[in-house]
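Here the structure comes first, spelled out in structure tokens, and everything after it is commentary.
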Protein chains: 2
Amino acid sequence: MSDLRAESKKTAAKQKKRTEIELDELGDWRRTHYSSNLTPELDGQGCVVFGWIASIRHQGNITFIVIMDKDGLIQVTAKKDEVGEKLYEKIQRLTPHTSIGVKGVLKAIPKAPNGVEVRPQEIKVVGYASVNPSIQLYARKLPSLDKRLEIRAVDLRRPAAQAIFKIRQEALKVIRAHLLKNGYQEVHTPKIISSATEGGAALFPLLYYNKEAFLTQSPQLYKEQLVMAFEKVFEIGPAFRAEQSRTLEHLSEFISVDVEEAYVDYRDVMSRLEAIVREVVEVVKNKCAKELAILQYEPTLPDTFKRFTYDEVLEILAEHGYKVEWGEDLSSAALAKLAESNPSYYFIIDWPTQSKPFYISQKKDDPKLSESFDLIFGSLEIASGGTRVSSRRVLEKRLKEKGLNPKSFAYHLKVFDYGMPPHAGFGLGFERFLMTLTGQKNIREVTYFPRDQRHLTP
Amino acid sequence: MSDLRAESKKTAAKQKKRTEIELDELGDWRRTHYSSNLTPELDGQGCVVFGWIASIRHQGNITFIVIMDKDGLIQVTAKKDEVGEKLYEKIQRLTPHTSIGVKGVLKAIPKAPNGVEVRPQEIKVVGYASVNPSIQLYARKLPSLDKRLEIRAVDLRRPAAQAIFKIRQEALKVIRAHLLKNGYQEVHTPKIISSATEGGAALFPLLYYNKEAFLTQSPQLYKEQLVMAFEKVFEIGPAFRAEQSRTLEHLSEFISVDVEEAYVDYRDVMSRLEAIVREVVEVVKNKCAKELAILQYEPTLPDTFKRFTYDEVLEILAEHGYKVEWGEDLSSAALAKLAESNPSYYFIIDWPTQSKPFYISQKKDDPKLSESFDLIFGSLEIASGGTRVSSRRVLEKRLKEKGLNPKSFAYHLKVFDYGMPPHAGFGLGFERFLMTLTGQKNIREVTYFPRDQRHLTP
């Protein structure tokens with residue numbers, strides 16, 4: 001790896017802009033092997049491989065090319081006397097990041113990736129890199145995130161980015177498999193809505209034909225409605241918040257993992273959430289050891305997720321000299337204090353009713369408190385949920401208390417007349433969860449194309 | 001079933017609005033069995049079941065309640081002399097659609113659903129239906145779709161709707177499993193974008209902080225970019241079209257199944273698409289026989305998907321007296337003619353370049369034609385795709401030809417300088433595909449909460 005790092009540094013330095021060379025047609029060439037299929041046992045067999053050039057190094061009359069395909073690295077070794085004048089000349093013009101196809105013969109070589117290299121007979125240049133990116137693949141010091149986002153598609157070729165998105169892929173698979181296995185139905189609800197669910201502040205307005213509409217902040221009301229007919233539902237999809245804050249943990253568009261279930265309360269869905277987080281962390285540790293090594297990060301998992309009540313948290317903070325007004329949300333500073341002794345996952349439950357949205361149920365024995373929870377990792381809130389209000393009368397009252405107009409929610413309130421079951425659920429911020437799985441401090445690093453106040457492209 | 005139909009008709013007729021009754025708390029009651037877990041072998045065992053009342057029938061001193069949970073029906077039989085005066089009185093006040101919990105004893109009864117019924121000892125009314133919906137569960141003649149959409153969450157309780165969304169769930173699972181098994185990575189790309197991909201006509205504008213932005217019509221450009229780093233990607237997510245047409249096949253917000261792959265051309269991805277459709281139809285036929293029976297529909301699957309060229313289609317249509325100007329899109333009437341001899345899935349390939357978006361590649365031997373395809377079912381277009389342009393120079397030229405400004409696409413064009421591989425892909429309209437699997441003529445029937453020119457709620 002360190003060899004590669006040094007090489008990529010050298011090749012990166014060479015030139016800025018090149019003249020485009022004639023591209024070869026893909027034609028009937030098709031891949032015979034991915035890097036992951038290559039083993040020394042294939043020695044002597046023919047192959048066609050594809051990838052982009054991670055490094056190219058000329059040494060006397062030999063050129064070593066390392067290409068990267070979606071599974072890993074392949075070494076291509078071209079000796080002038082073997083490949084002939086014409087192909088060798090073509091090889092000399094190859095540039096890092098150029099996409100090539102290589103037809104050749106496999107040769108077992110202990111020191112090559114997967115113990116085998118390709119001796120090329122023919123090479124097709126199918127995507128020429130005329131510009132050399134400033135991003136060095138293996139460098140520890142990278143250009144600023146803003147610079148990298150400008151060519152995000154290229155930035156994502158870095159092994160560290162590949163590792164992050166491999167972990168993302170695994171996490172997504174485990175979450176969905178867990179929910180399907182436990183009888184939840186995957187649903188898709190509208191992203192264009194007529195009224196705010198979490199209050200009006202952070203909404204993106206849009207023109208829907210001739211009407212004003214908004215982008216949804218969460219599928220909250222729709223997933224609640226769907227438990228009437230399907231009982232257990234989940235959705236993994238985009239949600240939108242016009243956040244004014246420029247923090248490391250906010251996106252304007254994020255992926256929300258939403259779960260809702262009938263005939264249960266907040267304690268049941270908390271257990272479900274804990275089980276999901278637990279399974280994801282375990283699978284990632286097992287299946288993504290290589291990727292975690294690249295990221296130099298080890299996800300943690302407490303034996304049990306502690307469940308502090310909001311009141312307990314206030315006491316703990318008071319002991320440390322942090323005064324929080326009862327009813328207020330917990331500031332980053334307060335959570336950071338709490339994180340000192342709770343660096344991994346834990347719950348804060350039973351929040352003041354006034355601090356939670358209108359659809360969260362009050363506690364029967366103390367209406368000032370709600371049947372609610374947040375899942376926190378250190379000082380990062382990654383999920384929240386609770387028992388929902390299932391009575392129309394109570395819902396109307398709560399809407400008014402929050403200064404919202406029940407008329408704007410008529411389409412929603414209406415269905416509560418038809419036997420809405422008690423229900424509970426949660427929303428998990430997928431990117432925030434990924435931060436805890438990959439050790440990334442900036443949420444943009446775990447997002448393919450992040451959207452925030454400053455980034456509307458790419 | 002016909003019994004139930006008659007009953008539900010009777011109960012539906014009874015009353016319109018009722019006074020709310022006191023709700024019972026869910027408390028510590030938790031479900032012991034779903035309907036799908038019930039078998040006659042459980043005779044004599046205790047149980048707690050939950051569901052909403054699909055029908056209730058009083059016969060002398062016996063009340064028969066049928067509740068529906070997410071998996072099916074459970075019969076609850078209350079005999080006055082067994083349950084006692086107080087519970088029997090409570091049962092008399094139950095209404096259709098009310099959600100209840102029943103604690104009782106299971107009794108094997110040959111004629112009951114699953115061969116077993118519940119003899120109640122205690123009943124909790126956890127969600128009271130104070131209004132009786134005009135929608136009859138088993139009726140063939142239903143209120144208008146508009147009426148039903150007003151209380152869509154209740155409408156979705158109909159067995160026919162349940163069947164549709166069970167098939168939806170299966171189709172979604174099969175598509176995703178197929179793609180994951182074949183090495184595609186699931187991605188999520190931004191829904192808020194800065195410029196149109198399919199031309200500017202059908203865009204929803206929105207205010208993104210202080211800038212103008214749009215809702216994406218497809219993840220086209222983003223999925224293309226992502227093949228640079230991940231080679232094989234897919235996304236299943238919302239896409240938005242401000243369609244002015246009020247047809248049975250258009251939604252303003254739909255779920256698009258997008259696939260993109262490097263180092264292949266349109267014929268490869270056509271084969272992939274055919275394999276997916278084939279697998280979904282086969283699984284649905286196998287696993288959803290009961291649901292298809294409810295819908296009285298049998299999905300069809302031709303031995304091979306025919307591949308007509310656009311030119312061939314024009315010839316066939318000419319033979320039938322349909323004149324289509326070369327270069328024009330095919331009208332519904334033209335496709336309907338074609339559907340007469342091709343009622344199931346088939347491809348139309350090699351469309352005129354002028355009829356396809358800027359990112360579709362021209363044929364090398366005839367640039368008037370493009371390496372493109374549509375997948376059609378009868379006369380319904382359900383997917384389209386093609387080989388993509390992978391050269392920046394060509395892309396800029398094509399943008400200009402389409403009257404689009406390359407400057408608006410600078411963020412996209414830029415990455416083509418860094419070794420963009422040749423690639424191809426397709427987008428499948430998931431709801432349209434579902435129409436072909438369920439026999440529904442109106443796309444709104446296969447959508448949880450449809451969005452169109454007239455429906456922004458629920």
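None of the figures in this text is laboratory data; all of them are computed from the coordinates on show. Note that this is a predicted model, so its numbers are computed, not measured. We place every Cβ from the backbone using ideal geometry, glycine too, and count neighbours over all the protein chains shown.
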For this session: Sort shortest first the distances from B:THR309 to its counterpart in every other copy, using label points 7 Å along the Cα-to-beta-carbon line, and give them in nm.
Result: 7.7
Seminar exercise, completed: At q = 0.15, 0.26 1/Å the base-10 log of I(q)/I(0) from the Debye formula over the alpha-carbon atoms of segment A:310-360 is -0.41, -1.10
Problem set entry | Per-copy distances of the A:LYS79 label point, shortest first, in nm (7 angstrom along Cα→Cβ) | 9.4
For this session: Please average, across the residues of A:208-215, the number of beta carbons from any other chain that are within 10 Å of each residue's own beta carbon, and give a whole number.
Result: 5
For this session: With only alpha-carbon atoms counted, please give the Rg and Dmax of chain A, in Å.
Result: 27.0, 86
For this session: Calculate, for A:ARG57 and B:ILE21, the FRET efficiency according to 1/(1 + (r/R0)^6) with r their C-beta to C-beta distance and R0 60 Å; round to the nearest 0.05.
Result: 0.15
Exercise. Per q in 0.07, 0.08, 0.09 1/Å, what log10 I(q)/I(0) does a Debye calculation on the alpha-carbon atoms of the protein assembly as shown return?
Worked result: -0.63, -0.81, -1.01
Exercise. Say the cut-off is 28 Å between C-alpha atoms; which of A:LYS364/B:LYS80; A:LYS166/B:LYS191; B:LYS141/B:LYS285 go over it?
Worked result: A:LYS364/B:LYS80
Problem set entry | Average beta carbon contacts from partner chains per residue of A:146-153, 10 Å cutoff | 4
Problem set entry | Chain A Cβ-axis minimum, rotational copy B, residue and distance in Å | A:LEU206, 2
Seminar exercise, completed: Averaged over the residues of A:180-192, the number of partner chain Cβ atoms within 10 Å of each residue's own Cβ comes to 6
For this session: Give, as a single signed number, the net charge of other residues whose beta carbon lies under 12 Å from the beta carbon of B:GLU117, with Lys and Arg counted +1 and Asp and Glu -1.
Result: +3
Seminar exercise, completed: Taking max minus min of the Cα coordinates of segment B:323-399 on each principal axis, largest first, gives extents in Å of 43, 23, 21
Exercise. Roughly how large, in nm² to one decimal, is the mean projection of the convex hull of the alpha-carbon atoms in segment A:44-135?
Worked result: 6.0
Exercise. Hey, for B:ASN405 with labels 7 Å out along Cα-Cβ, what do the inter-copy distances come to in nm, ordered shortest first?
Worked result: 3.8
Seminar exercise, completed: Against the 2.2 N^0.38 Å rule of thumb, the C-alpha Rg of segment B:380-445 sits at a ratio of 1.58
Exercise. Whole-Hz Karplus ³J(HN,Hα) for segment B:429-444, in order, using 6.51 cos²θ - 1.76 cosθ + 1.60 and θ = phi - 60°, x for Gly and Pro?
Worked result: x, 5, 5, 5, 4, 4, 4, 6, 8, 10, x, 7, 8, 10, 4, 5
Exercise. Short version: what are the Cα gyration tensor semi-axes of segment B:171-224, square root of 5 times each eigenvalue, largest first, in whole Å?
Worked result: 29, 11, 10
Problem set entry | Förster-model FRET efficiency, 56 Å R0, A:LYS147 and B:THR309, C-beta, rounded to 0.05 | 0.75
Problem set entry | Integer Hz, Karplus 6.51/-1.76/1.60 couplings in order for segment B:338-345, x for Gly and Pro | 4, 5, 4, 9, 9, x, 10, 6
For this session: For segment B:197-288, state which chymotrypsin sites (Phe, Trp or Tyr not before Pro) are in a DSSP loop and have at most 15 other beta carbons lying within 10 Å of their beta carbon.
Result: B:TYR209
Seminar exercise, completed: The long-range amide H neighbours of A:ILE360, using H built 1.01 Å from N in the peptide plane and a cut-off of under 5 Å, are A:VAL389
Exercise. What's the center-to-center distance, using Cα atoms, between segment A:152-197 and segment B:19-97 in Å?
Worked result: 39
Exercise. For B:GLU401, B:GLU291, A:GLU274, what's the fewest-to-most ordering of other Cβ within 10 Å of each Cβ?
Worked result: B:GLU401, A:GLU274, B:GLU291
Seminar exercise, completed: If the chain between A:ILE316 and A:LYS111 were fully extended at 0.36 nm per residue, the gain over the current Cα-Cα distance would be 68.2 nm
Exercise. Between A:ARG140 and A:GLU325, what FRET efficiency follows from the Cβ-Cβ distance if R0 is 60 Å, with the result rounded to 0.05?
Worked result: 0.85
Exercise. If we count every other residue with Cβ under 13 angstrom of A:VAL281's Cβ, Lys/Arg +1 and Asp/Glu -1, where does the sum land?
Worked result: -3
Exercise. Can you give me the relative contact order of chain A as a percent, contacts being Cα pairs under 8 Å and 6 or more apart?
Worked result: 13
Problem set entry | Cα centroid separation, segment B:407-455 to segment B:108-123 (Å) | 47
